[in-house]
Structures are given as structure tokens and as C-alpha cells.
Amino acid sequence: MAGLELLSDQGYRLDGRKAPELRKVQARMSVFAQADGSAYLEQGNTKALAVVYGPHETRGSRSKSLHDRAVINCQYSMATFSTAERKRRPHGDRKSSEMSLHLKQTFEAAVLTQLYPRSQIDIYVKILQADGGNYSACVNAATLALVDAGIPMRDYVCACTAGFVEETPLADLCHVEESGGGTSLSLALLPRSGNIALLQMDARLHQDHLDTLIEAAMTACKGLSKVLDSVVRQHLKEVSVLTRD
Amino acid sequence: MLKSKTFVKKTRSGGVLKIVREHYLRDDIWCGSEVCKECKDEAPVLQADACIESTLCVSPHYLIPDTNVVLHQIDILEDPLIKNVIILQTVLQEVRHRSATVYKRIKDVVHDKEKHFYTFTNEHHRYTFIEREPGESANDRNDRAIRVAAKWYSDHLVKETWGRPLKVVLLTNDRANKEMAEEHGLLVYKCDEYIKSLIGNPELVDRLALTSDDQNDITGSKLLFSEHLPLSRIQAGIKNGVLLQGTFHANRDNYLEGTVLIQQDEKDVTEVLLQGLQNINRAVNQDVVAVELFPKECWVAPLSVVLQDDGPNDEDAEEDEAQNKYLQILTSKSIVRKPTGQVVGIIKRNWRPFCGMLSPSQIKEATRHLFTPADRRIPRIRIETRQAATLVGQKIMVAIDGWPKSSRYPNGHFVRSLGTAGDKETETEVLLLEHDVPHQPFSQAVLSFLPKMPWNITEEDMKVRVDLRHLCVCSVDPPGCTDIDDALHSRELENGNIEVGVHIADVSHFIRPGNALDEEAAKRGTTVYLCGKRIDMVPELLSSNLCSLRSNVERLAFSCIWEMNHNAEVLNIRFTKSVINSKASLTYAEAQMRIDDTNINDDITKSLRCLNKLAKILKGQRTEKGALTLSSPEVRFHIDSETHDPIDLQTKELMETNSMVEEFMLLANISVAQKIYDEFSECAVLRKHPSPPPSSYDILFKAAKSRNLVILTDSAKALADSLNNATIESFPYFNTLLRILATRCMMQAVYFCSGMDSDFHHYGLASPIYTHFTSPIRRYADIIVHRLLAVAINADTTYPDLMDKHKQAALCNNLNYRHKMAQYAQRASVAFHTQLFFRNKGIINEEGFILFVRKNAIIILIPKFGLEGTVFFENKDKPSPDHSFDSEGPTLTVEKHTFHMFDKVKVTISLDASNIQHQRIRMALIEPVIPGVSVAVGESEPEAKKPKLDR
Ligand SMILES: [Zn+2]
């Protein structure tokens, strides 16, 4: 019969959220002692792990290094068990290379790279479980990992998706909503300045709807930034309690 | 806002996939009652004073129906008496899954503010969500969820009692569910016992659908039909190719026969023939069914006999067996066999409420009666009513509830009465309902988007438009036309060329995308013209006034202007929004008279002559390319202005000016189609006319062959040429008959979205591309085309849906459906008025031609009235004459006289009113004289009842 009803007349989505509501976000920082910075983040059922090394000297050929700022190196991967169907995911397939590139662009806009000329910052992110909004979960996890590593940034980078169903923008899509047809837009925002670090959309959308959709995504990002901020503060509190002893 | 989280794990078959979905439970879902102070609902839906007076439950109460009650008793729920109902999300989801129509209806009810229906999102409510327990079926889980929600409601509302306690009543017809609910201390009733207890409206009981419990006692124990397979086995059967899925189409003329159309892939459709009630096995027209093919040696040929189910009005299975035997005999003779099979299961019912009449039982006190639907493809329905005496002679609406395997007829219930049968209003209402034509008066919401009167063309309008008021524009239409959507002009340019303009009413200026007015027009799709009645697509202010290009008023137009040379070759084309001032509104006859009268030489006439000359050239070019000119007799009634009874009927006469206007409309449509397709290759709304499959021309070949003529159908051009050559000197009407036949072979022209299709060809017009631009007042497709063209020339802004090819395709589907239904409604209206005409006229003798030859009948066309009728050679009451049918000819020999197609005959025409529901025109043969078959002339006095024409 007819497909799923993504938004009911009463304004509830399939999982019970209202249109502008985010999924539950949970995060922990410093999950690995070895790395310079690390974070684990759950956005609903999407779970991401981010690890940051650096800044350190450029590895490999010198030619890659830049004389006035640090190079950001991103690597994105998905665990074989991350989706409902188990798939072997070779490194460097087209999708993950693209995602790595997007992440690199996002963080180049946020990290104060000019403070570390001729050096390199590595960001590794892995999706452990995928349920929509992989890119945004990665960005949010990586932001926390960068904060954990103590790398100066202009602002938090918060990312979120937004979709368009029944003339209503939906924030933070889950997998069913993403695959249910319709447009999905990913946006990474520097919330304090309101600058957009990255904006991506693959499907067609009429120009008239674009503004409302971006607006919805930006509101969602701002909501997320509050959550991330509280995670950071909570973490600091815990750490300072530990160090005081 | 608290969000707690639980996981619902679902496994789907087909590879073991574990699907994990989040499910948020909320504590901000309100109960929706005015009484409740705890919930912070801003606009509670359920009234504090919820009084449906019932003898069962005296105190005010809210109703919670379970899924089956909503599915089967939707007619009851829609009644204005039933208010303050809580529809649970669980119920709504199950309904959505099981019946799209009921889902749509219940949603409409929920949206109706007067009804106070509240949807409670129980699946996401913190206290009413339940998880499926191990070993519990999905159905049981949902029943439990409904009980839990009902329990929550009654506990929740108990806290808030003031004065009298507010109760919650669960309605279910499921015995087990009811018992369990009672155990939990819930107030629960069976639907019928509750409805019967209502004081307000005793008639409501008639509308109760019969539930499965009641069905057992209503029918005999004898099994008439074989059991339907369960859905799981059907699906398995379809997968491994044992069964086929298709849509059942009942035969209009023979109730013992039907076909199932099976869509195998994109274009390929196979037909499976079903014969006999047992093989049709309770399938009703339009149901999606599973069929099983018989082995090849059991295949049979369709019978071209006409059989109607008009047995007595009480149970009678024996007679049917007799009829089945009769079928067997006929079957054995057949030569050309078709795939034949039987229905083994129903995949989806497509029942809607049916209009028709009660055939009351002969037992006076009986409450069970048979209902005969107006649509002959629908079987008779057994209903239970106590109002039979009042309903006799009325047209009523009935819905089917079910068809048990032990019952000869399906069971149903009375929905509402439409009025006295035979009444013009009632009959019009019936044919509008039967053809699903939206005909309610426009709502206030729709009317609110009309321009405010007095309306004037403003400065801003003038700024963005070309001023063409000085041009000598005129319109040519049928007499009495008030919705004029096109006007024309032509003038000589200084360089010797001719400027020709087609000006179309600028409807899209008034109807803005997405508002209620637009949505209503999109839903209606087309204006429906019935005899003496017009059901407008847009409100009258627009259709007959502001948009109508009447003479001597300033009107907004969308103009298409060509520069042509004297050979009608287009040199230049321009589209623009404009302002015009038509100089004359002419009828075809007036325009023709001006052209022909050499004494008149004013600007309008000169312009018309020039247009006429160019039109002839254009038509010649089109015919050269292979455009078909097909005729079908169109009937027009002269309607008495006072009584609105038809007083005379005649076939529409075509004049040169008809074709003149048509020619320029075609040119405009083609030009616009090309333009919007160039600009929007993905989302242009176009119109195509597929070429018919070669087999559909069989009858045309045979007809021509019988007169030693050859019809070629390799291409439209070949067909057009051979039709032109197929004339018989002694038989001038022959060619027209051939063309009428050719029309019947054609496919339907349809709207489509250019991004969704690759075949654009318009067969009938021999044009590679075509659309509709010229009638925006009465066709919605034209409004969309106007909008596209306006965007293309930067005269208007675009909007999202216009550029969405899927939405456009969905729109096209609706428009095609509406056009088809409008056409059927129109034919039905003509048929009804023909009957009225003959009722007043008495009996008439007239000449006609045989259009088709059937196995036991001939179908005759009366050119004078454009009327078709059937002469049967078989009669139930008396022995039928000796007759044999030859399908090669096809010919039918009756008592040594052989009828061929197109034979000239003389018949007497009268109205057969013996069956009040299916009153029909009866034709009886006068000539040729066949003893025992034909009737004698002079049995009637044709002019006896002729109304006074000249007063
Ligand atoms: Zn409440």
C-alpha cells in the first residue's frame, strides 16, 4: 500500500518527534587516552567516533605542508556492521572520499590553522552505526574531539540535516526520512557568527523553499551547539574535579 | 520537554534484516477534552457537554471505535449525529493500511470542526504505548493498545468529574476484545447495540453495515462459491506464476461474463476471460483479483450475447443454474478461444457507494430487500431496511459490506436517499454521483479568492500587458455560450503579410497557484456540460463574466500572435499577455452569414474572411500530413425554457466557421506546446494521442470488406486517405458510418508530463506535439499550460509544484480521470434526455443503419437523432426466432434474412419504461419485414403527443 506517512496530520513524525525537534544527543569526550583528542557521539541511532592527532609535523612528503597554516587531514569510514545490511567497505571508495573531503572543507573553515604553519592535524571519524545524518554526526563528534585536543577554533562547528515533507521542514532526519524521498540538506554552522561552513544538497528543491529549509537547519544547528556546549562544560567539570585531587 | 527512548526492533523477511528504529515517547500529548484542566491543550476538540442521547449510556461520553468499526461503519461515523469521537493513532494507521478510501473519509471527518473528532497519538504517549509481547500477533497487540488507550482515557477523565461523570465508550464488534475490555472495567459496547440505543435518529440503524456475525443467519447454508485464498497464498501464487493479478471488469451487457486485465509490464496487457458466476467468484467491477488460468483445452470465446440479471427479487439460485447451462450450450460452438480462468482470491476491493433503486421483496413485512445499482456492471445488493415502503420509487445510495460465500448477492446497507426516480434533478444527481463529478456549490473558502467587485483593469495590469484594445477582435462560438474563452483577429500588415491573433481568456491571472480556488479547480479538472446544465470548474463570476471575452468590454487575455504569408506559412510568432476589447460575439451561423454575404464589408467581416481563407489552407496542410477527420453524431436538444423539458433534438450541424475556429485553436495549441516544451523539457504538460493497436481495426476492415473496399491502417495518413476514398455513390451515408466506426477504434487522448514519457505523438491530429491552451475557463490543463507559458516569457513567477514532474504527472492523472468521467456523464445525460424526449413524443418510426452485428442482436444508429439502440432477437418470454451468427462477416441470419453491417433498416422507436431504473429506448424492426420478428407500421401515432413548438 501507500508508503510511510512521514508527517502525520497531528504534526508527529514516524518516531514521535515534532517537525523541528532533534533526536536525543549523547556524547562523551576523551574516550581514548592515546589520542590527542577523542569523542564519541550518538545522535539518535547514528553513532560516531572521532579521534584527533596533532598538530604535528607533516608526515610523508614535505611538499604537502603549507608555509602559512596547518594542513587538515580527514579520514571518514563506516564500520561494516553500521547498517542493517552488512557490507564490506573498502577504504577510499567514492562515497567516503567525498565525505572526507567535505569534512576537511568544514574544519578548514573553523580551525585557526594559521596558528600552526607547516604542521598537520589529523581527524579520523568512524560511523559505528548509521541511521541518517552521518555527516552531521561526524562533524559534531569531530568538533568535540578537536575541543578535547585543545586545538583553537573560531567556534563550535555544528552540523545538522533538514528535509522537506508536506511543505514542512523537518530537522535532523533519521534514515527512514532520508530515504523516504524528498530533499535532504546538510548544513554545518558556526553558530555564534552565523557563518555557514558547508551546505550540501543533492536532490532538487524549488528555490522558494530553500530559505525556510536553511532556516530550519540553522535553528537545529543552534540547538545542537547548546547540547555540545553543555557536554564540553560537563566534561571540564569532571576533569577539573579529577585534577583537583 | 522530556524525551525518553525505547527501541522497537523489527525484522523484515527476505534476508534477515534487523531494523532498528527510534520511538520517542512524549508527555506533551493532550487528551483533547474541554473538561481536562491537567492537559495544556490550547484548543481542545472534544466538548465538555458531549451528549449523544443513548439509552445504554445516559451520561455524556466520548466514543472510541476500534479499527474494524471505523473500516466497516464509516457511514455511521460520518453521520452528523455522531460527535465527540476519539480516533486512536493505532486505529488510523491500521485503517490507512487496509483501505485508502476509508482512510480518506475518516480524515475528512477529523478535519470537520463540527464533528469534534480528536486524533489521539497514543503510540507516542508515555502511558499508552505498549510493546508487542512475545507470541502476540500484531493484531492482538493493536487491540491491546486500543484497550490500554481507552483505559487511560477513562482513568484520566475520571479525575476531572464535575457534576456528572464523563465516560469513555469503546466500540468494538470483536467478541474476545469486548470481553477482555470488560475485564479491565471499561465501558464497551458492540457497535450495532450502541447505535440501536440512540434516541436521536432511528434511521441510523439502516446504515449499519452487516457484520460477519449477522451474515450467517441472513443466508442459506448452501455454499454457492468456492472459498477465496488467503492473501499470503495469493502472493506466493503470483510470485511463482501460478496465479495472475489483475483488475476485474464486469461486462456491461452480460452479467455472467467479465474480463480481468493483467498488466504484465509497461505496455503489455493480457485479458483473461471469466464466465459464469462461479468463476467470477464474487469479484465486483474494478476489484483487484487473483485469477487462475484453466488449461488451454477449457478456454472459451466471449459471447456476444446480452444477458441481464433480472430474476425475481428474492433468493433464486436454481434459475441461475439454468442460465449457466444456457451459457454452456452457447460456449461449445465457439471457434476463437481466449485465455479463460477463474477468480481464486480478492487482493483489493474497490467498493464505493452505489446509486440505484430498491427492488422490494414480495413479502410485505420483509426487511431484507434487493437493491439494483444503476451501473449494470455491479451486481444486485441485499440490504436490510425498515423503510422499504418509503424508499420504493426513490433513487438511493447503498454501500457493500461483504459477500459471504454462501450468498448469491453481496450484503450492504442503505446510505442515503437522493430523491424520486425519474425526476430530472434526482437523475442528474445520480449521474453526477455515478461519474464522480464534483458538483457541490463552491465553498466560502473558494469564493473568498475571487476578485472583489466592481473589478477594473488597473494601471499595473496595463503596465505589464500589451494594449490590443484597438484591434478588431471578435469571438465565434455556439449559440448561448456564456463562457467565451477564445477570440480571434487578423489584419494585413504593411509588408503584405498577415497578422493573425488568437486571444485566450487570462484565467491564470485570477486563479493564483495553491489557493483554495486553484485547488478546487484542479480537483474538478473540467467543466462538465450536461443537457441544459453546466457544472462549472471555476465560479460563475469568472467563467461567465471576468474571464469571458464578451464583446465591448475590456478583458485580460493571453495572446498568441503569428505573422503569416498568404500561404499560411508562419514567419514569426509572439506570445504576450494583453488587454483586448472584443468587437463582436458571434455564433457560428452569424459568422458564416457574414462571410457569405458579399454586401457586408466591415472590418470584422474582412478579418473573418481572411481567417477563413487561411484556415482552409491550414486544414489542407494538416490533412496532407494525415490528420483524421472523424465524425460522431453529436446530439443537441432544444430545451423548453420554462419546463426545461427537451422539445426537439437534432444532430449538431457543422459549418465552415466551426472548422475555422478549430483550425486556429489547433495552431495555437501546437505553437504553445512547442514553446513550453523547449523551455521546460521536464515538466511541460502536453497531450498525446497514441496510435491504436492494429487489432482494434478488425471491425473496420470487415465492414469495408463487406462492400469490397479496402481500408489501410499502416499510418494515420494511409487511414485518412483510404477513408476518403471509401465512398459508395448509391450510399452517401456510408462514409460517415465508416468514420463513426473508426472513431470507436481510436485510443483516448491523454494529458501527460513531458518528463515522464517519451512518446509525444498525437495520432489524430498528426502532430508531433500538442497541448491544451485555448480553453482555460473550462479545462484545468490549460491553466497549467498558461502558467508555464507565462513563466517562459517572463510574464509571471514560477512556483514549486509547477516544476515538479511527479506532481505534474499526478495532476495529469486526475485530469485524465475527470475528463473521462465528464465524457461518460455527458453521454448519460444525453441518453436520459433522449428518453425524456421520447416519453413526450410517443412512438416514432425512423430509418437507421446497422452499426454492429452481435450474436443475438443488432445495434442500430438513427442518424436523425444520433441515437443508438439495440434490436434483440431473443426473448425470455417467447421462443426466439431461428438465428445464426457468422463472426467472419460479421453477419446475423434471422429467419432466412441476413443482416450485414451498415444495412439500412426501418425501426419504430419508443420508450420502454417497464423498468423504471433502466428506462430505455426500445427499437423494433419494421423493415425488412421478417414474419414473427418485425412489427407492423402504424401501431403508433407519431405526431400525437407532439408539444406545441410555435407559440
Ligand atoms: Zn487531559
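Summary of the geometry: region B:658-693 and region B:459-492, compared by the centres of their Cα atoms, lie 21 Å apart. Annotation for B:Glu540 and B:Asn658: the two label points, set 7 Å from Cα along the Cα-Cβ direction, are 2.9 nm apart.
List, in the order given, every pair from B:Lys452/B:Lys805; A:Lys24/A:Lys226; B:Lys577/B:Lys688 whose Cα-Cα distance in the structure shown is over 22 Å. If you can, show how the numbers build up before the last one.
Numbers: B:Lys452/B:Lys805 34 Å; A:Lys24/A:Lys226 13 Å; B:Lys577/B:Lys688 27 Å.
Violating the 22 Å Cα-Cα cut-off are B:Lys452/B:Lys805; B:Lys577/B:Lys688.
Backbone N atoms of region B:662-676 closer than 20 Å to the 7 Å Cα→Cβ label point of B:Ala589 belong to residues B:662.
Averaging the Cα positions of each part gives two centres, and for region B:342-414 and region A:177-213 these lie 55 Å apart.
Rank A:Leu213, A:Leu187, A:Leu14 by mean-square fluctuation in a GNM of chain A with C-alpha springs under 10 angstrom and give only the top-ranked residue. Comparing A:Leu213, A:Leu187, A:Leu14 in the GNM, the peak value goes to A:Leu14. Please work out the Cα center distance from region B:27-78 to region B:87-147, rounded to the nearest Å. The two parts, judged by their Cα centres, are 14 Å apart.
At 222 nm, what helix-only mean residue ellipticity would chain B give, in deg cm²/dmol to the nearest 500, using -39500 (n - 2.57) for each DSSP H run of four or more?
Numbers: 25 runs with 277 residues, N = 951.
Using -39500 (n - 2.57) per qualifying helix, the result is -9000 deg cm²/dmol.
Report in % the part of the accessible area of chain A that belongs to carbon and sulfur, leaving out ligands and nucleic acids; probe 1.4 Å.
Numbers: 6000 of 11980 Å².
Carbon-and-sulfur percentage of accessible area, whole number: 50.
Projected label points at B:Arg233 and B:Arg368, each 7 Å from Cα along the beta carbon direction, are separated by 2.7 nanometres. Contact residues in region B:99-129 (at least 30 Å² less accessible area with all protein chains than alone, 1.4 Å probe): B:Lys107, B:Thr119, B:Thr121, B:His124. Across chain B, the relative contact order, built from alpha-carbon pairs under 8 Å that are at least six residues apart, equals 7 percent.
Multiplying the residue separation of B:Asp721 and B:Asp597 by 0.36 nm and subtracting their alpha-carbon distance yields 41.3 nm. Using a loss threshold of 40 Å², tell me which positions in region B:791-818 are less accessible in the complex than in their chain alone. Probe radius 1.4 Å, ligands and nucleic acids ignored. Those residues are B:Pro800.
Take the Cα of B:Ser137, step 7 Å toward its Cβ, do the same at B:Asp49, and the gap between the two points is 4.5 nm.
Accessible area per residue for the protein assembly as shown in Å², computed with a 1.4 Å probe and the full protein assembly in place, what is it?
Using a 1.4 Å probe on heavy atoms only, each residue of the protein assembly as shown averages 47 Å².
Can you pull out the trypsin sites (Lys or Arg not before Pro) in region A:28-130 whose DSSP state is coil and whose Cβ has at most 16 other Cβ atoms within 10 Å? Answer in residue order: A:Arg59, A:Arg86, A:Lys87, A:Arg88, A:Arg118. Need one word for region B:34-137: rounded, prolate or oblate. Basis is the Cα gyration tensor (sqrt eigenvalues a ≥ b ≥ c); a/c below 1.5 gives rounded, then a/b vs b/c decides. In terms of gyration-tensor shape, oblate. Relative contact order of chain A, taken over Cα pairs closer than 8 Å and 6 or more residues apart, is 21 percent. For B:Glu563 and B:Glu38, the difference between the fully extended length at 0.36 nm per residue and the C-alpha to C-alpha distance is 181.5 nm. Extension gain for the segment B:Ser696 to B:Met756, taken as residue separation times 0.36 nm less the Cα-Cα distance, is 19.0 nm to one decimal. Pairs exceeding a 31 Å alpha-carbon distance, out of B:Lys523/B:Lys625; B:Lys348/B:Lys675; A:Lys104/A:Lys222; B:Lys616/B:Lys904: B:Lys523/B:Lys625; B:Lys348/B:Lys675; B:Lys616/B:Lys904. Interface residues of region A:1-31, defined as those with an accessible-area decrease of at least 30 Å² between the chain by itself and the complete set of protein chains (probe 1.4 Å), are A:Met1, A:Glu5, A:Asp9, A:Gln10, A:Tyr12, A:Asp15, A:Gly16, A:Glu21, A:Lys24.
What part of the accessible area of chain B, given as a whole %, is carbon or sulfur when the probe is 1.4 angstrom? Could the numbers behind the result be given before it?
On the way: 22440 of 44230 Å².
Reported share for carbon and sulfur atoms: 51 percent.
Between chain A and chain B, roughly 2400 Å² of accessible surface gets buried, counting both sides and using a 1.4 Å probe. Cβ-Cβ distance of B:Asp467 and B:Asp882, R₀ of 56 Å, FRET efficiency by 1/(1 + (r/R0)^6): the value works out to about 0.15.
Comparing A:Ser186, A:Ser63, A:Ser100 in a Gaussian network model of chain A (Cα springs below 10 Å), the most mobile by mean-square fluctuation is A:Ser63.
The values are calculated or read from the model by the stated rules, or taken from the named source; none is laboratory data. All of these numbers come straight from a predicted model, not from anything done at the bench. Cβ coordinates were reconstructed from backbone atoms using ideal geometry, including for glycine residues, and neighbour counts include every protein chain displayed. Just the protein is used for accessible areas: all its heavy atoms, side chains included, with ligands, DNA and RNA removed. Shrake-Rupley method; radii C 1.70, N 1.55, O 1.52, S 1.80 Å.
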